[in-house]
Amino acid sequence: MESTSEAVPAEVRSREKRVFVFLTVVLAPLVAVAVVGSYGLLIWLYQMFMGPPKG
């Protein structure tokens, strides 16, 4: 029985490595920035209409 690493062609492993690097280096930070920025915009718009928080 062959091990799974030997059964996968080298070009497939290379493509998977490139996709992993793209997801971790490019896509994940962009999604994180978009989520935090959207939340900040939502809070800012809410405070524009409802006023600042009362303390």
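Any read-out appearing in this document is the output of simple, stated calculations on the displayed coordinates, not a laboratory observation. In this text, all values refer to a predicted model and were calculated from it rather than measured experimentally. Glycine gets a Cβ as well: all are built from the backbone with ideal geometry, and neighbour counts include every protein chain shown.
Scanning region 1-17 for residues being surrounded by 10 or more Cβ atoms within 10 Å (Cβ to Cβ) and in a helix (DSSP H, G or I) gives a total of 6. Can you find a residue that is in a helix (DSSP H, G or I) and more than 16 Å from the chain's Cα centre (by Cα) anywhere in region 26-33? Checking region 26-33: not a single residue is in a helix (DSSP H, G or I) and more than 16 Å from the chain's Cα centre (by Cα).
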